[in-house]
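Novice: Have a look at the structure that comes next, please.
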Protein chains: 2
Amino acid sequence: MQRSMGILGTRWKPIIIYTLRDRKARFGQLDALIENISRKVLTSSLKELEEDGIVLREEFKELPPRVEYALTEKGKALIPIMCQLAKWNEEYYEEPAPLIL
Amino acid sequence: MQRSMGILGTRWKPIIIYTLRDRKARFGQLDALIENISRKVLTSSLKELEEDGIVLREEFKELPPRVEYALTEKGKALIPIMCQLAKWNEEYYEEPAPLIL
DNA sequence: TAAAGTAGTTACCTTTGCGTAACTATCAAA
DNA sequence: TTTGATAGTTACGCAAAGGTAACTACTTTA
């Protein structure tokens, strides 16, 4: 478990994996699909996920350049887990009580 | 998903939940069961997990004091997910290549 | 020649996560 | 009166995570 969390224990990486659950995506698409993430964190997270064998980076030698990101087998094995996590929130989420000022 | 990760997206919280999957535990037990965690992070993580309705803190008015932590229903719903995460690592973990010096 | 599109990078800064070590409070037992 | 046990807290600081804004490189199109 400690090793799993060493790889995934950040705010954004599971979200990136979840976003790639049913599609490949280009860098710019990920940036648009994932709200509030900065390009910098997206870059570094993708790089680390690639090093950990979860994401595959495919570069097309075209102009303008195109790069596609997809999950590896190891990454795909996480899809059901990420989906359950999303579902867990839907079941148990409660609106925070409104503040009376 | 962003909300799930807002709650769980740290290195230690999922490990705490995983440790509580099959037992209640006292503060000192958690500290002993979870290797390398500091008491400070344990304290603050437990406090936040309690605020988020995942962990229940039960204080016994005894001497010396006793406090037990257990998962709520919301927390118990995470058990299968955490177990799958642990299993995922067992299946896909590879020893890092030894460095030749 | 300038603008537009893709996939980043770089510099700089703030916040959060986390660690270590020492300290507190309470009461019982030695 | 000192020690021991439990469950923390406090002070201090480092490193990682994360954000913003500006900049790069390349080539096509206007």
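Novice: Which residue pairs have Cβ atoms closer than 9 Å, lie 6 or more positions apart in sequence or on different chains, and pair a first residue in region A:59-80 that is among the aromatic types (Phe, Trp, Tyr) with a second residue that is open to solvent by 30 Å² or more (accessible area, probe 1.4 Å) and more than 16 Å from DNA strand D (Cβ to nearest atom)?
Specialist: So the pair list comes out as A:Phe60/A:Glu68; A:Tyr69/A:Lys24; A:Tyr69/A:Gln29; A:Tyr69/A:Leu56; A:Tyr69/A:Arg57; A:Tyr69/A:Glu58.
Novice: Quick one: in region A:44-94, which of the residues that are surrounded by 15 or more Cβ atoms within 10 Å (Cβ to Cβ) and among the aromatic types (Phe, Trp, Tyr) is farthest from B:Lys76 (Cα to Cα)?
Specialist: Filtering first and then ranking leaves A:Tyr69.
Novice: Of the residues A:Gly9, A:Gly28, which is within 13 Å of DNA strand C (Cβ to nearest atom) and within 20 Å of B:Gly9 (Cβ to Cβ)?
Specialist: Values: A:Gly28 fails: within 20 Å of B:Gly9 (Cβ to Cβ).
Result: A:Gly9 is the single residue among A:Gly9, A:Gly28 that is within 13 Å of DNA strand C (Cβ to nearest atom) and within 20 Å of B:Gly9 (Cβ to Cβ).
Novice: Condition (residue is away from chain B (no Cβ under 14 Å) and more than 7 Å from DNA strand C (Cβ to nearest atom)) applied to region A:15-24: is it met by at least one residue? If you could, list the steps in order and put the result at the bottom.
Specialist: First, the residues of region A:15-24 that are away from chain B (no Cβ under 14 Å): A:23-24.
After this cut, where a residue has to be more than 7 Å from DNA strand C (Cβ to nearest atom) as well, the list is A:23-24.
Yes: region A:15-24 contains one or more residues that are away from chain B (no Cβ under 14 Å) and more than 7 Å from DNA strand C (Cβ to nearest atom).
Novice: Might you let me know whether region A:91-100 holds any residue that is within 12 Å of chain B (Cβ to nearest Cβ) and not in a loop (DSSP other than H, G, I, E, B)?
Specialist: Within region A:91-100, the first condition is being within 12 Å of chain B (Cβ to nearest Cβ), and the residues that meet it are A:91-96.
With not in a loop (DSSP other than H, G, I, E, B) added as a condition, the list becomes A:91-92.
Checked against the condition, which is being within 12 Å of chain B (Cβ to nearest Cβ) and not in a loop (DSSP other than H, G, I, E, B), region A:91-100 yields at least one hit.
Novice: Sticking with this structure for a sec: Have a look at A:Lys47, A:Lys74 and point out the one that is of a type outside the set (Phe, Trp, Tyr), under 21 Å from B:Ala86 (Cα atoms) and part of a helix (DSSP H, G or I).
Specialist: Among A:Lys47, A:Lys74, only A:Lys74 is of a type outside the set (Phe, Trp, Tyr), under 21 Å from B:Ala86 (Cα atoms) and part of a helix (DSSP H, G or I).
Novice: For region B:15-42, what are the residues that are surrounded by 15 or more Cβ atoms within 10 Å (Cβ to Cβ) and either more than 14 Å from DNA strand D (Cβ to nearest atom) or assigned to a loop (DSSP other than H, G, I, E, B) (or both)?
Specialist: Answer for region B:15-42, where residues must be surrounded by 15 or more Cβ atoms within 10 Å (Cβ to Cβ) and either more than 14 Å from DNA strand D (Cβ to nearest atom) or assigned to a loop (DSSP other than H, G, I, E, B) (or both): B:Ile15, B:Ile17, B:Tyr18, B:Thr19, B:Leu20, B:Arg21, B:Ile34, B:Ile37.
Novice: Does at least one position in region B:52-71 carry a residue that is within 11 Å of another protein chain (Cβ to nearest Cβ), more than 22 Å from A:Met82 (Cβ to Cβ) and at pLDDT 95 or above? Talk me through it step by step, then tell me what you get.
Specialist: If we filter region B:52-71 for residues that are within 11 Å of another protein chain (Cβ to nearest Cβ), which is where we start, we get B:52-54.
Narrowing the set further to residues that are more than 22 Å from A:Met82 (Cβ to Cβ) leaves none.
Looking through region B:52-71, none of the residues is within 11 Å of another protein chain (Cβ to nearest Cβ), more than 22 Å from A:Met82 (Cβ to Cβ) and at pLDDT 95 or above.
The values are calculated or read from the model by the stated rules, or taken from the named source; none is laboratory data. Predicted model only: the values in this text are computed from it and were never measured. Cβ sites come from the backbone with ideal geometry, for glycine too, and all protein chains shown count toward neighbours. SASA here: full protein model, heavy atoms, side chains in, ligands and nucleic acids out. Shrake-Rupley method; radii C 1.70, N 1.55, O 1.52, S 1.80 Å.
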